[in-house]
Amino acid sequence: MIKFIIKGKKNPQKKTETKYYAQIAPTTPLMLPQIVKLIEKRSTVSSSDIKAVLDALQFEIIHALQTGNSVRLGDLGSFHLTISSKGTATEEEAKKAGANLIKKVSVQFVKSAEMGRAFSLDELNFVQG
């Protein structure tokens, strides 16, 4: 069951106008120790082994992204980097500036087709909270 709330937001073009939208209700995040316990209940693997594998997975994803690679995690989805950059008037100026053009690096997650199907509206139940 996914809880949602109704929230009013001002229209940026018409400051006096408010529209009301459904949005996901605030929740408490599921933390790593809780995830470890849940996986332990579903498998024969000890919690310390699960924690070690999840720590290694986190390390390897970060390392792969830092070295310019993307990471695909099967039916979960993939991680890749995006950058935002300053612009220049000419290609010559851009080549001269090189990496100094880069303003920000972000990590993007793209869900797999399988995960996309799991979140189609007919697969989910909502309740106003």
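Only the coordinates and a few stated rules stand behind these numbers; no lab work does. In this text the structure is predicted, and so the values were computed from the model without any measurement. Positions of Cβ are generated from backbone atoms using ideal geometry, with glycine treated the same way; all protein chains shown enter the neighbour counts.
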Response to the item:
Selection over the range 2-48 where residues are touching a strand residue (DSSP E or B) at 6+ places or on another chain (Cβ under 8 Å), surrounded by 12 or more Cβ atoms within 10 Å (Cβ to Cβ) and β-branched (Val, Ile, Thr) yields a count of 2
Worksheet entry | Tally of residues being more than 18 Å from SER112 (Cα to Cα) and either surrounded by 13 or more Cβ atoms within 10 Å (Cβ to Cβ) or over 27 Å from the mean Cα position of the chain (by Cα) (or both) across the range 66-83 | 0
Item to complete: Kindly check whether there is at least one residue in the range 80-91 that is touching a residue at least 40 places away in the same chain (Cβ under 8 Å), under 30 Å from LEU57 (Cβ atoms) and not in a loop (DSSP other than H, G, I, E, B).
Response: no
Worksheet entry | Selection from the range 109-120 of residues that are loosely packed, with under 11 Cβ neighbours inside 10 Å and either of a type in the set (S, T, N, Q) or part of a helix (DSSP H, G or I) (or both) | ALA113, SER120
Item to complete: Give LYS51, LYS103, LYS86 a once-over and let me know the one that is touching a helix residue (DSSP H, G or I) at 6+ places or on another chain (Cβ under 6 Å), of a type outside the set (Ser, Thr, Tyr) and surrounded by fewer than 12 Cβ atoms within 10 Å (Cβ to Cβ).
Response: LYS86
Worksheet entry | Selection status of ILE62, within 24 Å of VAL127 (Cβ to Cβ), within 25 Å of the chain's Cα centre (by Cα) and of a type in the set (Val, Ile, Thr) | no
Item to complete: Tell me the strands (runs of 3 or more DSSP E) entirely within the range 1-76 that contain at least 2 residues that are small (Gly, Ala, Ser) and under 19 Å from LYS111 (Cβ atoms).
Response: none
Worksheet item: Of all residues in the range 64-110, which are more than 24 Å from LEU54 (Cβ to Cβ) and small (Gly, Ala, Ser)?
Response: SER84, SER85, GLY87, ALA89, ALA94, ALA97, GLY98, ALA99
Fill in: Set GLU123, GLU60: member being in contact with a helix residue (DSSP H, G or I) (Cβ under 8 Å, 6 or more places away or on another chain), surrounded by fewer than 12 Cβ atoms within 10 Å (Cβ to Cβ) and at negative phi
GLU123
